[in-house]
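Q: Attaching a single structure in structure tokens format; questions to follow.
The values are calculated or read from the model by the stated rules, or taken from the named source; none is laboratory data. What you see is a predicted model; the values in this text were computed from it and never measured. Counting neighbours? That spans all protein chains shown, and the Cβs are built from the backbone with ideal geometry, glycine included.
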Amino acid sequence: MTRTRESGRRDAQTRADRKNQTRQALLDTTRSLVGERSFGSISLREVARGAGIVPTAFYRHFASMEDLGVTVVEDSMRVLRRALRDGRRDLAAREALPTAQNSLAILLRHVRENESQFRFLVREQHGGIAEIRRAIDTELRLFSKELAIDLARIPDLARWQPDDLELAAELIVIIMLTAVADLLDGEYRGRGAEQEIVERTERQLVMVFLGMGQWRPSTD
């Protein structure tokens, strides 16, 4: 009886492993396809074929193509936020304050390492599928909230209200996303394009921080 239970547990674990592998294959196939194409142009049959399953088996893993797209968004942004948190921990270890410029450097490095995912996010942010647009908007709001927490640690901003900090963080995120879009779109302009984009973005961030220095929070 004990041997039968152990065998049953192994079989259940094997099935779970296979299911996880297939689910990951569907996600990986989707990420490879959205590097140069809109998500709306990709068919369920195409994704299933890339993952090595029949189309009907797709629904064992995702409720719909929209559900798959939202999962790709969440996974992509989760990895990005983790990278930014790691960067902030590195800064804390050096007793340095996290800044938007540090976050920009981490972001751009992550873009280079995960180009297809960022092309997908930039393209679909204003694309045709509402569920994916909402998912991207939700993730960007989380991104802004985490950056607002960083800003709150800066002594000069300690008296700012959370709403003001989040507003400033949203502005910084918009600047960063514009830099990402320009970086992905500027490859044809040559090797110097990236440096130009980074320098311009850093100037924009400096201007934002100079403006923040003149802002009078509502607590005054």
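Q: Only one of (1) under 12 Å from the mean Cα position of the chain (by Cα); (2) more than 20 Å from Val73 (Cβ to Cβ); (3) among the polar types (S, T, N, Q) fails for Gln161. Which number is that?
A: That leaves (1) as the condition not met.
Q: For the range 27-66, enumerate the residues that are free of Cβ contacts under 8 Å to residues at least 24 places away in the same chain and not aliphatic (A, V, I, L, M).
A: Asp28, Thr29, Arg37, Ser41, Ser43, Arg45, Glu46, Arg49, Pro55, Thr56, Tyr59, Ser64
Q: Is it true that Gly128 is surrounded by fewer than 14 Cβ atoms within 10 Å (Cβ to Cβ) and either under 15 Å from the mean Cα position of the chain (by Cα) or not in a helix (DSSP H, G or I) (or both)? Before the answer, list the steps.
A: On the way: surrounded by fewer than 14 Cβ atoms within 10 Å (Cβ to Cβ): yes; either under 15 Å from the mean Cα position of the chain (by Cα) or not in a helix (DSSP H, G or I) (or both): yes.
Yes; evaluated as a whole, the condition is true for this residue.
Q: Could you check, for the range 99-117, whether at least one of its residues is closer than 13 Å to Arg81 by Cα, among the small types (Gly, Ala, Ser), crowded, with 16+ Cβ neighbours inside 10 Å and in contact (Cβ under 8 Å) with a residue 24 or more places away in the chain?
A: yes
Q: Ok, one more. State whether one or more residues within the range 117-127 are more than 18 Å from Arg37 (Cα to Cα), out of contact with any Pro (no Cβ under 9 Å at 6 or more places or on another chain) and of a type in the set (A, V, I, L, M).
A: Within the range 117-127, not a single residue is more than 18 Å from Arg37 (Cα to Cα), out of contact with any Pro (no Cβ under 9 Å at 6 or more places or on another chain) and of a type in the set (A, V, I, L, M).
Q: Still on this structure, I have one more. Just a yes or no: is a residue in the range 151-159 at pLDDT 85 or above and either part of a helix (DSSP H, G or I) or among the acidic types (Asp, Glu) (or both)?
A: No - not one qualifying residue is present in the range 151-159.
Q: Quick check on the range 25-47. Is at least one of its residues at pLDDT 95 or above, more than 24 Å from the chain's Cα centre (by Cα) and surrounded by 13 or more Cβ atoms within 10 Å (Cβ to Cβ)?
A: Yes, the range 25-47 has at least one match.
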